[in-house]
Each structure stands twice: as structure tokens, then as C-alpha cells.
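The values are calculated or read from the model by the stated rules, or taken from the named source; none is laboratory data. Just so you know, these numbers come straight off a predicted model, no measurement behind them. Note: ideal-geometry Cβ built from the backbone for every residue, glycine included; neighbour counts use all protein chains shown.
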Amino acid sequence: MSATPRIAITGAGLGGLVCARVLQQHGVPVTVFEQETDPHSRAQGGTLDIHEDTGQAALRAAGLFDQFLALSRPESQEWRLYDRHATLIRHDQAGESDLSRPEIDRGQLRTLLLDSLDPGTVRWGHPVRAVTPLPRGTARLHHHDGTAEDFDLVIGADGAWSRVRPALSDAQPSYAGVTMVEAHFDDVDLRHPGIAHLVDRGTMSAKAGRRSLVMQRNSNGHVRAYITFRGPQDWHAGLDLADTEAVRARLLAQYQGWHESLLAILRDNEGGFINRPMFVLPVPHSWQRVPGITLLGDAAHLMPPVGVGANLALLDGAELAQAVIGHPTIDEAVDAYESVMLPRGIDNAKTAQQMLSTLMPDTDTDDAAFPDTLWPASNLPDSRPAHAG
């Protein structure tokens, strides 16, 4: 470019951070605005399977693939499927040299990306209120403290409830009809041997009709469980979600008749339950180009968590940065990026919705069959608030 562009990224999630990393590698300055007060202000969520053709490609572009590989867990590609009677229906194992989808804790990957950035790149404790387009193709970023800054490009990487998206689209996330309730287990091999047996080294799913139980092994003996069911968003009506025993009783009633070893997922978790209703953007979701503003990741294509969301966010971020580097103007760069990202996001969102319908049908049967092409969902909800990057 003839002049150094002023670039802002809202949200220090995976997609925004990999975009910043690739830009800085090529000498393009960038500022990331994040509402969290510091990198350790909250837990960053569970495990992710990073795909060879998307997430791994992005990490290669960022020059971080070897560091990622050193942190990842290829053995956690293992997956077990049970019915509600705890009968093993399917067991998938990756070969010793298979690196197609190794797992990594989201927090570890985020730390890897943060540590790769120049000091001061992320402005912690700086939530964004809105973005407005300006003449001559620039954009104004409005902070919550009433101040504003102008940029040549504002990239909305701020998740489901993006504050940047309204500058491009009127679309709002809607409830997908499915809720996940998260539970946790620590030191499972010693304290919860039954849970350790079910999940083994990777992921387990137990499914019957509109209900399922999913567990994923994270690093350091930690397991996250997701109690997943189709039903109204207010399934907890009349219930105090902070009352762990009351929530437990309500969930156990929903899973009445399931095998005792599976019900231990509901009975023996450590700490409380976290309610995570699933939201999605309409499909297709696209917009008319607005100079100086674009989106990536969930801000652009929020879809059911069936294993592709984080990978697409990483790929979006790397490709957007490469487009900025490889084109003479910001306008041409964003045109090139959106011409690929938007149709890809629509295709993946359609597939994700179809997979959700298969996984969580409207009928309540014991059918535990999964499509042969379906790998277990590893991009399940994390500990981020809904508006985070």
C-alpha cells in the first residue's frame, strides 16, 4: 500500500489475534480493542480440534504451527459414541501419525497468539460501543467512555453479539432451539474414574433423540461436560440457576432412564452448572460492502457448534490479513476477502444447521446413529460472555 493503513480489530479472540499476528509479521501496525481487563480475567473455555485445511493453515500463515503442535494433543482425536444405556456404539481412533485434527485447550492457543504479538497491541479494558462509516472509506470506532478514533479499516472480531455488525447488517442472533448446560470435573483419573473411563483420552457422546451428553478431556486431567437438549430457551423457568442442587434435579428428571454411569455426569460435577443456550445467525447471512468495515468469525457467521467455528475464525483472520498485505488498497483487500469468506461461511452454516438437526432431532427416540462424515463437535461453547471476541 502507498501509505500505512490504520487498522483496528475489536475482540481479542482467536480470529482477531491471528489477523493481528499476520499483519504484524508483514510490518502492518494494528490495534486490538478488548473489553476484558487483562489476559487472565476469566477462563477461556474448553478444547478445540484444529483442522488441517483451516485452523492449521491459519497458524502456518502466522508462523506458529510448530509451537501449536508442541502444545496440541493428537491423541485426543479419539471419540466414543454411546447410547443412553452406556453401550458403546462407535469408537474412532486416529493413527499415531495423524495430525489432521489435534486438540488444544482454547486458553493455550489464545496465549500462544497473544505472546506472538508486539507489546501493547491489545488494549485491555477497552470495550467498543459502535462503529460508523465515514466519507472517503474510513470508519469511526466509538468507545464506551465516549471517546472515538478513526481508522482506515475496522475489523469486527467481537463474536455473537458484535457491536461492529450493525454497521453492515441488521441481522441478530436467534435461539437455535437447543441448549447446552456445562459442567466440570477436575483430576478425573484419580477423583472420577468412571468419568475418565467414559471419556478416555478424547471426546465421548451419548445420544438419544432430543438429548445428548458430551464430554471432552482437556489438559491437566480436566473434563468439560455439555448436557445438551432440544427445548425452549426458558427450560429453567421458575428455577434459580445459581441453585446447583435444584438445577441438578431438573436435569436428572430430563434424563430419567439413562444408565447410571452416564447420570454421574449430572450428579458428580464439581461446582455449579452453566446455562448456554445456542444462538445462530440467519442463513444465508451477508451484506453489501461498506468501505472501511468488515467482520470475521462468529460476528460474520455464527453457527451451531459442530466443530468448525473456531477453525473458520482462524482462517478468516489469516486470510483477511493476507488480503490487506497483498492488495494496493483497503477497499480491494476487503472485496477480495469477503468474496471468499461470505460464501464459505454460508456453506458451512448450512451444513452446521443440517448437522444440528441430525444430532438434535425433534423426535424423542433412542436412535444414536451419526452420519459417517460427522466428527464430534469440538468447538463447543467456551467461557466467554456472549459479546466477547
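Observations, loosely collected:
- Residues being surrounded by fewer than 24 Cβ atoms within 10 Å (Cβ to Cβ), out of contact with any strand residue (DSSP E or B) (no Cβ under 8 Å at 6 or more places or on another chain) and modelled with pLDDT of 95 or more - total across region 288-317: 2
- Residue match in region 116-126 (condition: touching a Lys or Arg at 6+ places or on another chain (Cβ under 9 Å), surrounded by 17 or more Cβ atoms within 10 Å (Cβ to Cβ) and in a helix (DSSP H, G or I)): no
- Of all positions in region 96-103, none carries a residue that is of a type in the set (A, V, I, L, M) and touching a Lys or Arg at 6+ places or on another chain (Cβ under 9 Å).
- Filter result (surrounded by fewer than 17 Cβ atoms within 10 Å (Cβ to Cβ) and in contact (Cβ under 8 Å) with a residue 12 or more places away in the chain) within region 1-27: Met1, Ser2, Thr4, Gln25, His26
- Boolean, Arg21 is farther than 24 Å from Thr203 by Cα, in contact with a Ser or Thr (Cβ under 8 Å, 6 or more places away or on another chain) and in a helix (DSSP H, G or I): yes
- Criterion (among the small types (Gly, Ala, Ser), more than 18 Å from Met303 (Cα to Cα) and within 18 Å of the chain's Cα centre (by Cα)) met by exactly one of Ala176, Ala183: Ala183
- Filter result (under 19 Å from Ile104 (Cβ atoms) and of a type in the set (A, V, I, L, M, F, W, C)) within region 186-205: Val188, Val199, Met204
- Met215 meets each of the listed conditions (1) touching a helix residue (DSSP H, G or I) at 6+ places or on another chain (Cβ under 8 Å); (2) surrounded by fewer than 23 Cβ atoms within 10 Å (Cβ to Cβ) apart from (2).
- The numbered conditions (1) of a type outside the set (D, E, K, R); (2) closer than 28 Å to Leu295 by Cα; (3) in a strand (DSSP E or B) are all true for Ser169 except (3).
- When Arg136 is tested against (1) over 21 Å from the mean Cα position of the chain (by Cα); (2) within 18 Å of Val290 (Cα to Cα); (3) not in a helix (DSSP H, G or I), only condition (3) is not met.
- Test: residue in region 63-71 that is assigned to a helix (DSSP H, G or I), without any contact (Cβ under 8 Å) to a residue 12 or more places away in the chain and more than 20 Å from the chain's Cα centre (by Cα): yes
- On inspection, Leu81 qualifies as assigned to a strand (DSSP E or B) and touching a residue at least 40 places away in the same chain (Cβ under 8 Å).
- Leu141 falls short on exactly one of the conditions (1) surrounded by 20 or more Cβ atoms within 10 Å (Cβ to Cβ); (2) under 19 Å from Leu281 (Cβ atoms); (3) touching a Phe, Trp or Tyr at 6+ places or on another chain (Cβ under 7 Å); (4) not aromatic (Phe, Trp, Tyr), and that condition is (2).
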